[in-house]
Amino acid sequence: MTEIVLMSGSLRDGSYNSAVVATLRRLVAERFDGVRTTVVHPAELPFYDQDMDAANGSEAVLRMRNRVAAADVLVISTPSYNGAAPGVLKNALDWLSRPYGESCLDGKPVAVASASPGPRGAVDAQPGLVEVLGHAGAAVVEHPPVAVGNAAELLTAKGEFEDAETLAALEALLQAALAAVRRSEPVAA
């Protein structure tokens, strides 16, 4: 069974990025046999504190680290706040990348998407997020940017996306993420 951990970088009720996560979860359930998803929530984590980390963090930190470590791939959807990923997402990545030398992101395939009510779909937040992931040792999935623009117009009453273009882009992102997992698996001798 392949495990995908999904994370939205937004805290807002009705978030477009949480809708991306919900849509990814539904696509996996409907179209990908042998794959399951888990959702983690950055809001559950305290602000990063090295002293707290030295004392093994909090239960929420340990829970998220264990989930990400056990997963085959992480998929993040981020909004753009002033052209960058929000602090709550950076905070989660700081926790996941530590302690030094024990990052659960090290070598982990990570795919990135974004969404916003504007036409660019928060694509401007992706390069900075990819840079942070690279510094944390993640194996960022190479894929054309997936940025859901005009998300407010596309969001259904169920809080998900149903339009063919968004579904095709998200499914292609999942395919690329799963292909990255297959490439990262050890080859049997």
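Gaussian network model of the chain, Cα springs within a sub-10 Å range: biggest mean-square fluctuation belongs to which of Glu44, Glu142, Glu30? Between Glu44, Glu142, Glu30, it is Glu30 that shows the largest mean-square fluctuation.
Using a probe radius of 1.4 Å on heavy atoms only, what accessible surface per residue do you get for the range 1-91? Whole Å² is fine. If you can, show how the numbers build up before the last one.
Working: 4380 Å² over 91 residues.
So the range 1-91 comes to 48 Å² accessible per residue, rounded to a whole number.
If you take the C-alpha gyration tensor of the chain, multiply each eigenvalue by 5 and take the square root, what semi-axes do you get, largest first, in whole Å? Spell out each step's value before the answer.
Values: eigenvalues 124, 83, 43 Å².
Those come to 25, 20, 15 Å.
For the range 91-189, trypsin sites (Lys or Arg not before Pro) meeting the loop criterion (DSSP other than H, G, I, E, B) and having at most 15 other Cβ atoms within 10 Å: Arg120, Lys158.
How much of the accessible area of the chain, in percent, comes from carbon and sulfur atoms when a 1.4 Å probe is used?
Working: 4810 of 9380 Å².
Answer for the chain is 51 percent, counting heavy atoms of protein chains only.
Note on Glu165 and Leu11: with the Förster distance fixed at 30 Å, the Cβ-Cβ geometry gives a FRET efficiency of about 0.65. Contact order, relative form, for the range 78-143: 41 percent (alpha carbon pairs under 8 Å, 6 or more residues apart, mean separation divided by residue count).
Considering Cα pairs under 8 angstrom that are at least six residues apart, work out the relative contact order of the range 1-43 and quote it in whole percent. Don't skip to the end; give the middle numbers.
On the way: 50 pairs, mean separation 24.6, N = 43.
It rounds to 57 percent for the range 1-43.
Share of antiparallel DSSP beta bridges in the range 1-129, in percent to the nearest 5? Don't skip to the answer; put the middle values down first.
Working: 1 of 17 bridges.
Counting DSSP beta bridges with both partners in the range 1-129, the antiparallel share is about 5 percent.
Order Asp163, Asp33 by their accessible area, 1.4 angstrom probe, all chains in place, largest first. List each step's numbers first, then the result.
Values: Asp163 45, Asp33 150 Å².
Final ranking, largest accessible area leading: Asp33, Asp163.
For Val35, nonlocal amide neighbours, meaning residues 5 or more places apart or on other chains whose placed amide H falls under 5 Å from its own, are Thr2.
Stretched out fully, how many nm does the piece from Ser184 to Val39 gain, at 0.36 nm a residue minus the Cα gap?
Full extension from Ser184 to Val39 adds 50.0 nm.
Could you compute the net charge surrounding Arg65? Neighbours are other residues with a C-beta less than 13 Å from the C-beta of Arg65; K and R count +1, D and E count -1.
Details: positive: Arg63, Arg67, Arg98, Lys108; negative: Glu44, Asp53, Glu59, Asp94, Glu102, Asp106.
Surrounding charge for Arg65 is -2.
The values are calculated or read from the model by the stated rules, or taken from the named source; none is laboratory data. These figures come from a predicted structure and were not determined experimentally. For neighbour counting, all protein chains shown are included, and Cβ atoms are generated from backbone atoms with ideal geometry for every residue, glycine included. The accessibility values were calculated without ligands, DNA or RNA, using every heavy atom of the protein model including side chains. Shrake-Rupley method; radii C 1.70, N 1.55, O 1.52, S 1.80 Å.
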